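S.K.: Questions regarding the structure given below will be posed in turn.
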There are 2 protein chains.
Amino acid sequence: MSQRSSTRLLVPPLPHTLSPAQQDRRQRIITASLALLRHQDHTQIQMRDVAIEAEVAIGTVYRYFQSKDHLFAEALALWARDLRRSVERRPLRGATNASRLSDVLQRSMRAFQAWPQLAKVVMMLEASDDTFAREIFTRNSAANLAVYAEALRDLPADVVVEVVRVAAAVFDLQLRRWAVGVQSIAEAYDRIERASRLILEFSDAGAATPAGVATPAGAAKTAGAAKTAGAAKATGPARNGRKPTGGSDARTS
Amino acid sequence: MSQRSSTRLLVPPLPHTLSPAQQDRRQRIITASLALLRHQDHTQIQMRDVAIEAEVAIGTVYRYFQSKDHLFAEALALWARDLRRSVERRPLRGATNASRLSDVLQRSMRAFQAWPQLAKVVMMLEASDDTFAREIFTRNSAANLAVYAEALRDLPADVVVEVVRVAAAVFDLQLRRWAVGVQSIAEAYDRIERASRLILEFSDAGAATPAGVATPAGAAKTAGAAKTAGAAKATGPARNGRKPTGGSDARTS
DNA sequence: GAGGAGATGAGAACGTGATCTAGTATTGTG
DNA sequence: CACAATACTAGATCACGTTCTCATCTCCTC
């Protein structure tokens, strides 16, 4: 949390309980934060900046959002919802589970590549203590798992669950390493492909996988694949209208 | 970083360039932060508290450490170095790569279980912008990879690299989910075991692995394994004196 | 021993997330 | 329409990481 121990008694209202004018005001604040995020990291955006951009008082920002973390969690969620529509227009590529999994992960990575400031927001939210921010972030993460699962076919449900968990872990780590500058975006793509193959090696053994785990030629091919992966991070509801898996995780906290 | 844009010209000196009195003072600050971390989260520890505990002025704390993040990165590193000695006294358990990998990961998890505040420190450091903190944290992460690699036998070097990267990603995610309360410690152990088996399924197919990927009995066994895993997170130099793998990653930033 | 350079101490000051205050505007109810 | 309740505004204030200031101490050199 922040510098002043929390004594505020009024919690942010649930969005659906707001009047139309309030919903508009709340949304304006979120879009203002995204607009500012286009030009600078969240660490450089002050809440007073957001208030000015949204044309509300600073107290109004805190009326709707518990904290800066909470606000940026909603901003990330808004971005993710918008991106769902675009990713639904592009079917996953690949003849094997590994290649399709790699494809969806690399699309997600590519979306962040286009807006690196959001990667830093993810980092922040992963470490956030704010319970409102955490809820929103957890829902997003669960939606990610559902989308990753759609890349997998002909596997038992329990195996799918495990695979997408490992895949999500890999993605998080690669995103982080890129976001903090420890590795290049090309390396991130490469590692995603390699890990996808490793994780699903048992399931794709019978498929026509031309490259092994660690061939230099494979690395070059990966860079090419990254170029052709055009969609964004798929974080929305499953395409069949299924509930996001893991959604109950957020409810237990 | 923090509330005041950084204008300080004097960077923290490298520890080995300090006089004996200064090294003692610096170390006192680090141990003071660890002592305070025994009773509260790092978010509740103020730098003035650390200064008082270490019996130095607040300016002296900032003489040796760039930021609060930097200080707690060194505190974590000190803890990790101490724990190397204890993990070196216990050979890894298991007849297969998956079981040995699971063992070392679960030992690491157990060390955090004994001191949960440190898990929150890891979360913070993963998102930290402070370059000094980042360097120390990156070195630690690289040392982790080296230790995980020692659990793997009879695998090509490039496969080992890939496996330990995925394993580290899984560990990070499980640690985080437990630290923020999204899952229990038992679940974290369980997921570590499952992921280890999944990742290494291709290599352990010929070994005598009695449990499948998702048996309830396996889950119960995992809890037992956690009880017997007594050592801490092995983060130090490789036992054979080998250089930590991935160490060059930190040098490139 | 004297003097200078560097380090440390004590505490003030700065900056930004977050909370509070007093006045004004809007909405809901009788 | 009048009044009460609620919401918003503008800006002051608080808290803690961080930086700065001035006085004092320690160490080194001549």
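The values are calculated or read from the model by the stated rules, or taken from the named source; none is laboratory data. Small disclaimer: the values here were computed from a predicted structure and weren't measured. Neighbour counts run over all protein chains shown; Cβ positions are idealised from the backbone, glycine included. Accessible surface areas use protein heavy atoms only, side chains included; no ligands, DNA or RNA. Shrake-Rupley method; radii C 1.70, N 1.55, O 1.52, S 1.80 Å.
S.K.: For residue B:49, what accessible area in Å² do you get when you roll a 1.4 Å probe over the heavy atoms of the protein chains, rounding to the nearest 10?
M.R.: The value for residue B:49 is about 50 Å².
S.K.: To the nearest 100 Å², how much accessible surface do chains A and B cover up together, summed over both, with a 1.4 Å probe?
M.R.: Counting protein atoms only, the buried area is about 3200 Å².
S.K.: Next question, about the same structure. Which order do B:184, A:86 take when ranked by solvent-accessible area (1.4 Å probe, heavy atoms of all protein chains), largest first?
M.R.: Greatest to least solvent exposure: B:184, A:86.
S.K.: Quick check: with the 1.4 Å probe, what order do A:19, A:67 take by accessible area, largest first?
M.R.: A:19, A:67
S.K.: Take region A:13-126, drop everything but the C-alpha atoms, weight them equally and run the Debye formula without solvent; then report log10 I(q)/I(0) at 0.11, 0.12, 0.16, 0.19 Å⁻¹ to two decimals.
M.R.: The Debye formula, applied to the Cα set alone, gives -0.43, -0.50, -0.78, -0.98.
S.K.: A further question follows. As a test question: what accessible area, to the nearest 10 Å², does residue A:171 have when a 1.4 Å probe is rolled over all protein chains in place?
M.R.: 0
S.K.: Taking all protein chains together and a probe of 1.4 Å, list B:58, A:136 from the most accessible to the least accessible.
M.R.: Of B:58, A:136, the descending order of accessible area is B:58, A:136.
S.K.: Residue B:158 to residue B:7: FRET efficiency via 1/(1 + (r/R0)^6), r the Cβ-Cβ distance, R0 45 Å, to the nearest 0.05?
M.R.: Given R0 = 45 Å and the Cβ-Cβ separation, E is 0.45.
S.K.: For region B:15-65, what Kirkwood radius comes out of the mean inverse Cα-Cα distance, in Å?
M.R.: Value: 11.0 Å, from the Cα pair sum.
S.K.: Residues of B:118-127, mean number of Cβ from any other protein chain within 10 Å of their own Cβ, rounded to a whole number?
M.R.: Across B:118-127, the average partner-chain Cβ count within 10 Å equals 3.
S.K.: Through the Karplus equation 6.51 cos²θ - 1.76 cosθ + 1.60, θ set to phi - 60°, convert the phi angles of region B:141-151 into ³J(HN,Hα) values in whole Hz; use x for Gly and Pro.
M.R.: 4, 5, 5, 4, 4, 4, 5, 4, 4, 5, 7
S.K.: Largest first and to the nearest Å, give the Cα extent of region A:67-187 along each principal axis.
M.R.: Per principal axis, max minus min of the Cα coordinates gives 44, 30, 26 Å.
S.K.: If you count only protein heavy atoms with a 1.4 Å probe, what accessible area per residue comes out for region A:61-178, rounded to a whole Å²?
M.R.: Per-residue accessible area for region A:61-178 comes out at 33 Å².
S.K.: Need one value: the accessible area of residue B:123 in square angstrom, 1.4 angstrom probe, rounded to the nearest 10.
M.R.: Result for residue B:123: roughly 10 Å² accessible.
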